[in-house]
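**Q** So that we are looking at the same thing, I have put the structure below in structure tokens.
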Amino acid sequence: MSVLVRRPALPVLLALALAPAGCSDGDDPTDPGVDGPARLNVMITDAPGDVAAAWLQIDRVYLQGGDGPVDLLGEPTELIEITELVGTALLLAEEVEVAPGAYGQLRFVVGGGVLESDDGNVYVLGDAEHPDGLPATGDLQCPSCAQSGLKVILPGDEMDLEAGETTLVLDFDVSQSFGHKAGNSGKWVMHPTMHGSWIEGDPVLGPAITGTVALAEGVTIPTCPAGTARSLEDFVPVATATTVVGDDAALLVQTGTTGLDGAFLLGPLVPDVWTLDYLGTLELEGGDLVFEATVAPGSVTVGDAAVAGVSYTITSASCVGA
């Protein structure tokens, strides 16, 4: 099994290469009909929010089956700067062999974390320390980070692993997971949000939607709050699946990232028809950055390859409540 960390500007993807459920030629070593173990590769990649940087220590990733848990990590990771994982991949564990069969759950245990907010405050979970030695100014709480771990929301009720490999992408969305500050108590609360989806193709990138984000004539992106510069990187494209649902019966939603040059990436994505939208309000400490935009086309069909040529145009950008 391989664990990879990918960079889209703040969602985080953890991807597992798992046995495919489809058919292939008998001479293909990944053919489900061929005897042998299932081989898993785990990778992690990163929608902006009021977070300057975030680091997580992953203590454990494991499958829960009828015969008990199957660990996928050999040992806990060091702190991983997940807000820097955009467009690249970091190998965490490679080709872990597991017995073929049905596994009802995938769980993810976070042992420690550090969050640096846009205002420079540092919030810490567990015994973690800021990599640059900055002192902690508050607590990072994670009520769901129990010893048993966080249950990943997967498409379907279980994973039926057979011989060979494919890829399961776990989307850890930074903007949703760290977007809750506990009033003026000096604490941030982390509610990790992870959804899984199956993809075919490149285990690092997989099928994706790409294109550009541009400003309409006369439109500028304001500082928000006053004095804090904003850019196209703060625009978050969103895609919603038409038919594919997760373990919670809700349609899969994928957030993407935008570069300074306006190029955006939504993916990896499970093959489906995806409806395109965007995050209209980016909640920031001291003000909300509000966008209005158009997108063409409004939906695309994702297959085994990337879909290019989608265009967003920002028609209005304002800072509210600053």
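The values are calculated or read from the model by the stated rules, or taken from the named source; none is laboratory data. All values derive from a computational prediction rather than experimental measurement. FYI the Cβ positions are ideal-geometry reconstructions off the backbone, even for glycines, and counts take in every protein chain you see.
**Q** Within the stretch 231-288, work out how many residues are part of a loop (DSSP other than H, G, I, E, B) and either among the hydroxyl-bearing types (Ser, Thr, Tyr) or not assigned by TED's automatic domain parsing to the domain that holds Leu215 (or both).
**A** The total comes to 1.
**Q** While we're looking at this one, here's another question. Out of the residues in the stretch 277-316 that are touching a Leu at 6+ places or on another chain (Cβ under 7 Å) and closer than 30 Å to Asp119 by Cβ, which is modelled with the lowest pLDDT?
**A** Leu282
**Q** Return the residue satisfying two criteria in turn: it lies in the stretch 112-146 and is acidic (Asp, Glu) and surrounded by 14 or more Cβ atoms within 10 Å (Cβ to Cβ), and of such residues it is nearest to Asp59 (Cα to Cα).
**A** Glu129
**Q** Another question, if that's okay. Any chance you could count how many residues in the stretch 147-162 are crowded, with 19+ Cβ neighbours inside 10 Å, at pLDDT 70 or above and in a loop (DSSP other than H, G, I, E, B)?
**A** Total meeting the criteria: 3.
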